[in-house]
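No value in this document is a laboratory result; all are computed from the given coordinates. Note that this is a predicted model, so its numbers are computed, not measured. Here the Cβ positions follow ideal geometry from the backbone for every residue, glycine too, while neighbour counts run over all protein chains shown.
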Amino acid sequence: MILHKLLASMVRPERDSIGGEYPVELDEAFIGGKARGVGSGHHLMATVMGAVEVRPRKDAEDRAAKHCQAHEGGIPLKKLVYAGRLRLRMIESRHSPELIPFITENVTQGSLIRTDGFARYQCLPDLGYRHDPMVVSGDPEKLDAPLPMIHLVFSNLKTWILGTHHGRIEPHHLQAYLNEYVFRFNRRFYPMTAFNSILGLAARSVSPTYEQLYSGTWRHPAS
């Protein structure tokens, strides 16, 4: 109960949108355990939408020069960039009406957004974004190269859920744990700032009552 009161405070109401001068990688992932007794081809996993900034490392030029001296060929992208601010939200599916509002509410207009070739993303230029779609012809292995950062985020998220929560999170509470992951991720370089932030946010936020939490009527804030 105390944990959920803290989780309810992990979305800063006045948070800024991400992107701007930094490109944003955008994708979806299935989160959840294996389904049993629901038939072949069906699953009970939740769809999570993610957007993450791709920021250049301050020493990117030095890293590139050092790599070129020691190796032939190009330098891996992960050596030159790192993940900036992150946003995660549970949606019904990638076809749901929630897809576009997630983008407009979280990504600064005018930002460069990199996605796969999903048709729903074709409207992004009309919404004021620069769009760089990566068409991979249905081959998920090819997607790791053009969208490495968001896939790394999803991989770490799944590992965190499996390790900390043993892979089991009720779908109606999943957004709360996504908020926790985003809160920790965005403040991973400043742990003391994170501690002070959660204390300040908890002191002025509305948290669920026991009845709201366990009856399912409480709506977790979306990151």
Checklist outcome for this item: Per-residue Cβ contact counts at 10 Å, fewest first, order Tyr214, Tyr121, Tyr22 as Tyr214, Tyr22, Tyr121
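Compute the FRET efficiency between Trp160 and Cys123 as 1/(1 + (r/R0)^6), taking r as their Cβ-Cβ distance and R0 = 22 Å, and round to the nearest 0.05.
Plugging the Cβ-Cβ distance into 1/(1 + (r/R0)^6) gives 0.10.
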Checklist entry - In terms of modelled amide H atoms, which long-range or inter-chain residues lie less than 5 Å from the amide H of Asp116? => result Met134
Checklist entry - If packing is taken as the mean number of other Cβ atoms within 10 Å per residue, what is the order of 175-184, 99-108, highest first? => result 175-184, 99-108
Checklist entry - In whole Å, how far is the Cα centre of the range 148-202 from that of the range 1-35? => result 8
Checklist entry - If we count other beta carbons within 10 Å of each Cβ, what is the order of Trp218, Trp160, fewest first? => result Trp160, Trp218
Checklist outcome for this item: Taking r as the C-beta separation of Val206 and Arg130 and R0 as 30 Å, the FRET efficiency to the nearest 0.05 is 0.20
